[in-house]
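Heads up, the thing below is written out as structure tokens.
The values are calculated or read from the model by the stated rules, or taken from the named source; none is laboratory data. Since the structure is predicted, the reported quantities are computational estimates derived from the model, not experimental observations. Every residue, glycine as well, gets a Cβ built from its backbone with ideal geometry; the counts of neighbours run over all protein chains shown. Accessible surface areas use protein heavy atoms only, side chains included; no ligands, DNA or RNA. Shrake-Rupley method; radii C 1.70, N 1.55, O 1.52, S 1.80 Å.
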Amino acid sequence: MSRELDLAGRVVELVREIAGPEAEAEAAATYTDRALTRFANSSIHQNVADETTGLRLRLHVDGRTAAGSSTVVTDEGLRVLVERTVAAARLCPPDPAWPGLAPASPVAPGNWDSATAHASPDERADRVRAFVDAAGGLETAGYCRTVNWAGAFANSAGQAVTGRSAEAAMDGIARTGGIDGVARRNTGRLSDLDGAVLGARAAAKARAGAAPIELAPGRYEVVLEPTAVVDILQNLAIFGFNGKAYNERRSFAEPGVAQFDPAITLVDDALDTLGLPYDTEGTPKRRVALVERGVTRTVTHDRRTAAEAGATSTGHALAGGPSFGAVPTNLRLLPDGQDENGSGPTEVAGPVVDSDTAALIVGVRRGLLVTDFWYTRVLDPKSLVVTGLTRNGVWLVEDGEVTTAVRNFRFTQSYPQALAPGGVLGVGRYASLLPDSWDASWWSAPALRLASWNFTGGASG
Amino acid sequence: MTHFDVATAAVQAALDAGARYADARVMHRRYESMSARNGEIEQLTQDEDAGIGVRALVGSSWGFFAVPELSDAAARAAGTRAARIATASARVPGPAVDLVPTGGQSGTWASACEADPLSVALADKGDLLVHATKLSHEHGADLAEGRYQIWDTSKWFVSSEGHRIDQRIRECGAGISATVIGDGETQRRSYPSYRGQYGTSGWELIDSLDLGAHAARIAEEARELLTAPMCPSGETTLILGGEQLALQIHESVGHAIELDRILGWEAAFAGTSWLDLNQLGSLRYGSELMNITIDPTIPGALGSFGFDDEGTPAAKRDAVREGRWVGVLAGRDSAAVAGLDYAGSVRSDGWSRLPMVRMTNVGLEPGPHSLDEIIDATDDGILMDINRSWSIDDKRLNFQFGCEVGWEVKNGRRGRMLRNPTYTGIGPQFWRSMDMLSGESIAWGTPNCGKGQPGQIGHTGHPAAPARFTNVRVGVRG
């Protein structure tokens with residue numbers, strides 16, 4: 001038995017002891033070993049690590065529900081957590097919509113690599129060294145991180161599962177004359193991260209961004225690199241495919257309706273990427289087809305949102321979910337041709353990072369190549385109108401070729417509208433797995449060629 | 001062992017492992033949050049975390065390590081590990097690191113608190129949210145939501161320079177919102193702001209908000225917004241309410257004056273700043289009405305403390321005086337790099353995160369007018385209030401903000417309600433156009449400021465009053 005499963009099981013037993021055998025309880029224990037080596041001005045300026053075991057408890061007693069968590073995992077700490085949460089539940093109003101506990105069900109093993117899980121600070125620093133050196137004298141900044149999770153879940157309905165996962169990510173920019181180029185990658189194996197390749201790519205893009213011109217705002221055809229497409233996925237996940245938002249009619253999602261271009265297929269699939277293989281309610285994660293060839297099929301649910309919708313949980317319960325919902329955290333936009341496991345495109349020099357994106361550019365008569373979106377915020381969640389800026393490189397494409405760098409734009413654009421039928425002119429054949437800056441979430445996307453994107457102003461005025 | 005003993009053991013271990021400077025923070029935090037929707041409690045959670053974070057400087061390279069165990073052995077191991085990480089940092093070394101002197105501070109500090117928010121009966125707290133959201137739902141809100149949050153943080157700081165400081169900071173806040181769902185869009189009104197109001201205060205802050213008294217109004221206003229005319233597009237005179245101006249200060253001044261951004265330390269993620277240190281003391285940031293202070297000593301404001309997380313005592317400082325840029329938010333190492341002689345703005349969001357430059361209370365000093373006087377003096381403009389969306393570029397220049405509500409201002413009178421108001425501009429141009437400023441200042445609390453990798457959530461305060469700006473572009477459409 002793992003230490004985490006022992007902790008979770010002891011918490012469930014304590015709930016029975018303190019609140020009685022009728023109490024329903026679920027407990028998750030997660031050990032997280034996170035290390036992040038951060039660099040700026042081409043030197044390591046922040047280098048951090050922490051090892052934390054956190055316990056999360058939710059219980060339902062006498063028809064009332066409360067939740068709590070603690071990092072104090074001593075015997076006394078466990079008892080304090082349980083007593084406090086039981087007392088809180090007894091003071092809460094009734095919870096008639098309590099959906100019950102997840103039944104016993106096996107989970108798949110997580111994606112885990114020992115070398116990544118136990119990587120040393122020297123190994124991360126070496127990749128930073130390679131990134132800096134490959135940038136050829138350009139100023140660089142970014143990070144290299146590794147994370148190791150070992151978790152367990154137990155509930156009083158008999159579910160008892162464990163899982164583990166490890167990831168490595170590198171994200172960096174190179175700068176020259178105030179122009180930034182970026183390269184980032186996420187993987188389950190630190191050995192897959194080549195700092196030199198990423199540093200060279202970032203530097204090539206930065207150099208290609210020199211002498212940008214100002215273009216007039218307006219609607220432009222665009223080729224979005226995977227780094228920009230990820231922002232679309234994040235907002236679709238939070239505001240669109242979130243079961244709670246759907247139940248509350250705040251989502252655009254309409255299952256059964258062809259809301260997207262036939263080129264768009266979206267799946268949420270934790271098992272083929274990273275993260276623990278069960279959600280915070282202990283429900284096994286599984287592959288969920290959200291959009292198939294343009295037709296919205298479903299949204300993601302936890303047990304509560306599923307009960308409200310007359311559906312079943314899809315394994316998307318999150319801590320804090322009762323407030324903000326059940327959100328896909330492993331969303332993938334499938335590449336053209338379903339080439340999910342291909343070896344990846346050939347690197348090319350210049351602003352176009354790879355041959356896959358280059359193939360999309362060939363068809364553009366006049367449009368923009370966009371690397372990143374930045375500081376995007378939703379103006380209206382239902383129409384999913386979003387404002388934000390471009391970052392880390394924009395280029396004018398004329399007659400299938402990149403002709404000049406362009407200054408950053410601000411845009412205001414409905415994301416579903418941009419992907420609506422007829423809006424998608426091309427999808428890349430290779431999907432990149434990219435890291436989330438904040439959460440244990442992973443996003444996989446190919447490059448996209450879209451018919452129109454609404455740029456509402458130049459960033460400089 | 002006391003928490004000071006644990007921290008001291010960690011510092012000594014780091015020094016033994018080769019550090020020339022080390023500090024350690026033991027932190028213990030209790031957090032409680034409750035939310036309600038349409039008259040029913042939606043979620044109650046009570047969290048507790050405790051641990052120690054150790055920072056070590058080996059040569060000119062930093063390392064940081066944190067663990068939740070608070071034993072002597074765990075603390076010593078953490079100190080050693082921090083030094084080892086710092087040693088690895090030297091594989092990609094930077095310039096020499098110095099720390100501006102603060103002296104070996106000793107002290108104890110606690111924020112004012114009349115009613116311990118964690119001791120208020122849960123049933124009473126629930127009744128407050130249930131009542132307010134039920135009332136709002138009954139008055140037309142499709143989604144009437146309410147929430148409070150409470151943080152009770154104790155920390156013990158020790159450094160190899162002799163610091164020995166303990167602090168207890170109690171923070172709380174609450175707010176309600178009403179969302180109505182129309183065909184293809186939603187409208188929302190909130191009270192007292194988009195996020196609520198937060199401060200370093202006891203439950204008396206939440207009592208003073210009187211959430212129930214505003215529940216019906218916000219629902220009715222949200223429904224009215226669904227059929228209100230759209231905010232027109234073009235350039236006009238813009239009057240901002242204090243809550244929106246607080247966010248404007250946060251985004252276009254507070255982040256821009258963070259010294260770590262100015263030095264490029266956040267370049268890859270949070271971004272840099274349009275400010276150049278060579279212009280400190282001379283740059284015209286805004287109109288002469290613009291006086292921005294950095295002041296962690298404001299009683300009850302969310303960014304207040306006795307000492308920052310490097311042990312620097314809280315002190316008030318000018319950031320912009322009569323429109324001229326004169327000060328930055330700094331830490332001990334960033335200040336030394338910049339050749340400045342002050343720090344005091346470094347914090348972390350927990351024991352497991354590295355302290356970094358964060359806003360404290362960055363606020364606009366009040367002006368001579370009232371909001372009514374500003375409206376009276378405006379022939380043609382728009383009044384906007386309560387933030388709905390916020391976005392600004394990575395140099396903190398180009399912004400676009402959306403507000404929940406706008407009103408026409410014609411011939412000195414507030415007129416029709418306007419839907420989906422937005423405005424956009426460039427920071428210094430915008431601030432230079434401020435020509436009227438009210439004296440009705442409130443220190444708004446922002447409990448969700450994101451920065452750093454791994455991500456950290458900061459709590460900041462922003463004194464702000466309604467103000468008027470000329471020739472602002474409004475009504476940007478999607």
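Tabulated values for the structure
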quantity: Residues of the range B:292-307 classified as out of contact with any helix residue (DSSP H, G or I) (no Cβ under 7 Å at 6 or more places or on another chain) and either of a type in the set (F, W, Y) or open to solvent by less than 20 Å² (accessible area, probe 1.4 Å) (or both), total; calculated: 11
quantity: Qualifying residue in the range B:161-176 (condition: touching an Asp or Glu at 6+ places or on another chain (Cβ under 8 Å), within 20 Å of B:I41 (Cβ to Cβ) and not hydroxyl-bearing (S, T, Y)); calculated: yes
quantity: Number of positions in the range B:91-104 that are out of contact with any helix residue (DSSP H, G or I) (no Cβ under 8 Å at 6 or more places or on another chain) and open to solvent by less than 50 Å² (accessible area, probe 1.4 Å); calculated: 3
quantity: Number of the condition not met by B:Q149 [criteria: (1) within 25 Å of the chain's Cα centre (by Cα); (2) of a type in the set (S, T, N, Q); (3) away from every other protein chain (no Cβ under 12 Å)]; calculated: (3)
quantity: Out of B:A115, B:A66, sole residue that is facing chain A (nearest Cβ under 9 Å), in contact with a Phe, Trp or Tyr (Cβ under 7 Å, 6 or more places away or on another chain) and in contact (Cβ under 8 Å) with a residue 40 or more places away in the chain; calculated: B:A66
quantity: Hits in the range A:276-300 - residues which are within 17 Å of the chain's Cα centre (by Cα) and open to solvent by less than 10 Å² (accessible area, probe 1.4 Å); calculated: A:P277, A:D279, A:V288, A:L290, A:V299, A:T300
quantity: Listing of strands (runs of 3 or more DSSP E) fully contained in the range B:413-478 that carry 2 or more residues being touching a residue at least 24 places away in the same chain (Cβ under 8 Å) and more than 15 Å from B:L238 (Cα to Cα); calculated: B:442-451, B:456-464
quantity: Every residue from the range B:332-378 that is open to solvent by less than 20 Å² (accessible area, probe 1.4 Å) and in a helix (DSSP H, G or I); calculated: B:R332, B:S334, B:A335, B:I374, B:I375
quantity: Residue among B:R170, B:R189, B:R223 that is basic (K, R) and more than 20 Å from A:D380 (Cβ to Cβ); calculated: B:R170
quantity: Among (1) crowded, with 19+ Cβ neighbours inside 10 Å; (2) in contact with a strand residue (DSSP E or B) (Cβ under 8 Å, 6 or more places away or on another chain); (3) touching a residue at least 60 places away in the same chain (Cβ under 8 Å) - the single one A:A253 does not satisfy; calculated: (3)
quantity: Selection status of A:V397, over 25 Å from the mean Cα position of the chain (by Cα) and open to solvent by 40 Å² or more (accessible area, probe 1.4 Å); calculated: no
quantity: Residues satisfying the stated conditions in the range A:437-456, i.e. open to solvent by less than 20 Å² (accessible area, probe 1.4 Å), away from chain B (no Cβ under 14 Å) and either without any contact (Cβ under 8 Å) to a residue 24 or more places away in the chain or over 20 Å from A:H316 (Cβ atoms) (or both); calculated: A:P446, A:A447, A:L448, A:L450
quantity: In the range A:70-97, residue most open to solvent (accessible area, probe 1.4 Å) [restricted to those that are more than 8 Å from chain B (Cβ to nearest Cβ) and among the basic types (K, R)]; calculated: A:R90
quantity: Selection count, the range B:69-82, where residues are crowded, with 24+ Cβ neighbours inside 10 Å, more than 10 Å from chain A (Cβ to nearest Cβ) and over 21 Å from A:T74 (Cβ atoms); calculated: 1
quantity: Which listed residue is touching a residue at least 60 places away in the same chain (Cβ under 8 Å) and within 18 Å of B:L99 (Cα to Cα), from B:L364, B:L289, B:L340, B:L277; calculated: B:L340
quantity: Filter result (touching a strand residue (DSSP E or B) at 6+ places or on another chain (Cβ under 6 Å), facing chain A (nearest Cβ under 9 Å) and of a type outside the set (G, A, S)) within the range B:254-276; calculated: B:D260, B:W265
quantity: Sole residue being open to solvent by less than 30 Å² (accessible area, probe 1.4 Å), facing chain B (nearest Cβ under 8 Å) and modelled with pLDDT of 95 or more, chosen from A:G54, A:G100; calculated: A:G54
quantity: Selected residue [open to solvent by 10 Å² or more (accessible area, probe 1.4 Å) and more than 29 Å from B:G59 (Cα to Cα)] from A:A28, A:A23; calculated: A:A28
quantity: Residue within the range B:71-78 that is touching a Phe, Trp or Tyr at 6+ places or on another chain (Cβ under 6 Å) and over 22 Å from B:T312 (Cβ atoms) present; calculated: yes
quantity: Residues that are within 14 Å of chain B (Cβ to nearest Cβ) and either closer than 24 Å to A:A253 by Cα or without any contact (Cβ under 8 Å) to a residue 24 or more places away in the chain (or both), drawn from the range A:389-436; calculated: A:F411, A:T412, A:Q413, A:S414, A:Y415, A:P416, A:Q417, A:A418, A:A420, A:D436
quantity: Check on B:H139, within 14 Å of chain A (Cβ to nearest Cβ), in contact (Cβ under 8 Å) with a residue 12 or more places away in the chain, surrounded by fewer than 21 Cβ atoms within 10 Å (Cβ to Cβ) and closer than 21 Å to B:I41 by Cβ; calculated: no
quantity: Candidates A:V132, A:V161 - the one that is within 14 Å of chain B (Cβ to nearest Cβ) and touching a residue at least 12 places away in the same chain (Cβ under 8 Å); calculated: A:V132
quantity: Candidate set: the range B:419-469, residues that are among the basic types (K, R) and away from chain A (no Cβ under 12 Å); chosen: the one farthest from B:A246 (Cα to Cα); calculated: B:R432
quantity: Test: residue in the range A:22-34 that is modelled with pLDDT of 95 or more, closer than 23 Å to A:G158 by Cβ, within 14 Å of another protein chain (Cβ to nearest Cβ) and not in a strand (DSSP E or B); calculated: no
quantity: Close pairs from the range B:381-400: first within 14 Å of another protein chain (Cβ to nearest Cβ), partner among the β-branched types (V, I, T) and assigned to a strand (DSSP E or B), Cβ under 6 Å, at least 6 apart; calculated: B:S391/A:T387; B:L397/B:I426; B:N398/B:I426; B:F399/B:I392; B:Q400/A:T387; B:Q400/B:T424
quantity: A:A459 being among the small types (G, A, S), on the phi < 0 side of the Ramachandran plot and more than 14 Å from chain B (Cβ to nearest Cβ); calculated: no
quantity: Hits in the range A:221-264 (condition: assigned to a loop (DSSP other than H, G, I, E, B), among the small types (G, A, S) and within 14 Å of another protein chain (Cβ to nearest Cβ)); calculated: A:S251, A:A253
